[in-house]
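J.: Take this structure first; my questions come after.
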């Protein structure tokens, strides 16, 4: 019999459906079996809506269940670190939503625990697992564009409700934490070596906490490269996730890089187009980034296959988030 990874969900966050429950229908090695909430009735309603067999009235009950192999942690940002640590202590593998922790110190603490445990602890930077992103890194690494010299990223999430937890400083809120973490991870993926933050400008939420950034612009440099990104929350408009990489011999543009299954990659060398590919159509792919991520998570747990979005890698992203908040004159989260 083919081994199956049995996964429980901490909380009833809406992201659980597109990020885990729906993808599990396409990944035979993964089975979502349970959900826990602080309120048993809420867990039962969520399970009934999504066809889950088991519910718990507390997160600790789920972690104590020997029939659960791994947990998905989509709790508010401020709870990513603490509950990932508890899951590790309970001997569970973890797929933790981004950002991985509230700050770099917490991320490094979790990374050390993950390393010592031997468990799979994966940050859910789902875009990294899609073939279109693999194709992009192939173009960059094979020298088609020449050495990368400039990177730009733009992310924009539509959050019309000003009471949303992503605007709450105590819960690790802020545009840098939610969209900026993707941009930083992307820049780190493309860059040779680790960049550092050289400047940042935050736009706080009018009438809200002055500690929470509804938009953040950050500049980074490193190893012959300069990079810049802008991440924002908007009350209307549309989702945006775009990237532009400029090399000595060409450039590359990638739309919808976060949801790469909807994306398009166009690369040029000396003014001539050398690649123009769609995340779905041209590559013959219809599976979402989340499906590719879940497949990689199951493979890492069941067969020990390597994966890029490790806890140690996540700690590197959190260090740059802390640097950006400091450069913008805002305190780190947590």
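Here, each number is a calculation from the coordinates, and none is a lab measurement. It should be emphasised that the depicted structure is a prediction, and the values quoted were computed from it without experimental measurement. Glycine also receives a Cβ, built like all others from the backbone with ideal geometry; neighbour counts cover every protein chain displayed.
J.: Rounded to the nearest 0.05, what FRET efficiency do residue 274 and residue 223 have when you use their Cβ-Cβ distance and R0 = 30 Å? Provide the component values of the computation, followed by the final result.
T.: Numbers: r = 24 Å, r/R0 = 0.80.
Calculated transfer efficiency: 0.80.
J.: Please give the contour-minus-distance gain from residue 49 to residue 249: 0.36 nm per residue of separation, less the Cα-Cα distance, rounded to one decimal in nm. Don't skip to the answer; put the middle values down first.
T.: Details: separation 200, 0.36 × 200 = 72.00 nm, distance 5.22 nm.
Result: 66.8 nm gained on full extension.
J.: Per the Kirkwood definition applied to all pairs of different Cα atoms, how many angstroms is the hydrodynamic radius of the range 83-144? Don't jump to the answer; show the numbers that get you there.
T.: Working: mean 1/r = 0.0756 Å⁻¹.
Roughly 13.2 Å, rounded to one decimal.
J.: Could you work out the relative contact order of the range 1-149, using alpha carbon pairs under 8 angstrom and six or more residues apart, expressed as a whole percent?
T.: On the way: 237 pairs, mean separation 27.1, N = 149.
18 percent.
J.: Quick one, can you get me the convex hull of the C-alpha atoms of the range 124-225 expressed as volume per residue in Å³?
T.: Numbers: hull volume 11.7 nm³, N = 102.
Cα convex hull per residue, to the nearest whole number: 115 Å³.
J.: Still on this structure, I have one more. In 5 Å bins starting at 0, how do the alpha-carbon pair distances of the range 63-200 split up by percent?
T.: For the range 63-200, the binned pair fractions read 2, 9, 15, 18, 17, 16, 12, 7, 3, 1, 0 percent.
J.: Hey, another quick one. With 23 Å as the cut-off, how large is the P(r) tail for the range 226-334, expressed as percent of Cα-Cα pairs?
T.: Numbers: 3096 of 5886 pairs.
When every Cα pair of the range 226-334 is considered, 53 percent fall beyond 23 Å.
J.: So, R0 is 45 Å and r is the distance between the beta-carbons of residue 58 and residue 142; what FRET efficiency does that work out to, to 0.05?
T.: On the way: r = 51 Å, r/R0 = 1.12.
Efficiency for this residue pair is about 0.35.
J.: Using alpha carbons only, how many degrees (0 to 90, rounded to 10) separate the axis of helix 131-141 from the longest principal axis of the chain?
T.: Approximately 40 degrees, to the nearest ten.
J.: Using only the Cα atoms, work out Rg/Rh for the range 5-125, with Rh taken as the Kirkwood radius, to two decimals.
T.: 0.94
J.: Turning to a different aspect of this structure: Which order do peptides 262-271, 312-321 fall in by mean Cβ count within 10 Å, highest first? Walk me through the intermediate numbers first.
T.: Details: 262-271: 17.1, 312-321: 23.1.
Highest to lowest by the protection proxy: 312-321, 262-271.
J.: Do the sum for the chain: with -39,500 (n - 2.57) for every DSSP H run of n ≥ 4, divided by all residues, what is the mean residue ellipticity at 222 nm, to the nearest 500 deg cm²/dmol? Each step should come with its number before you reach the end.
T.: Values: 8 runs with 93 residues, N = 334.
Calculated at 222 nm, the ellipticity per residue is -8500 deg cm²/dmol.
J.: At 7 Å along Cα-to-Cβ for each site, give me the label-to-label distance between residue 165 and residue 134 in nm.
T.: 3.3
J.: Hey, fewest Cβ within 10 Å first, where do 100, 257, 307 land in order? Walk me through the numbers before you get to the answer.
T.: Values: 100 32, 257 29, 307 17.
So the residues, fewest neighbours to most, are 307, 257, 100.
J.: Next question, about the same structure. How would you rank 176, 119, 48, going from fewest to most other Cβ atoms within 10 Å of each one's own Cβ?
T.: Fewest-to-most ranking of 176, 119, 48: 48, 119, 176.
J.: Take 157, 186 and order them by how many other Cβ atoms sit within 10 Å, fewest up front. Don't skip to the end; give the middle numbers.
T.: Details: 157 20, 186 26.
Listing 157, 186 from fewest to most nearby Cβ atoms yields 157, 186.
J.: Against the longest alpha carbon principal axis of the chain, how many degrees, from 0 to 90 and to the nearest 10, is the axis of helix 40-50 turned?
T.: 60
J.: Let me ask something else. Convex hull over the alpha-carbon atoms of the chain: what's its volume per residue in Å³?
T.: On the way: hull volume 45.0 nm³, N = 334.
Roughly 135 Å³ of hull volume per residue.
J.: So how tilted is helix 181-190 from the main axis of the chain? Cα-based, degrees 0 to 90, rounded to 10.
T.: Its long axis makes an angle of about 50 degrees.
J.: How far apart, in nm, are the 7 Å Cα→Cβ label points at residue 42 and residue 17?
T.: 1.7
J.: Any chance you could check the Cα centroid distance between the range 54-117 and the range 7-39 for me, in angstrom?
T.: 14
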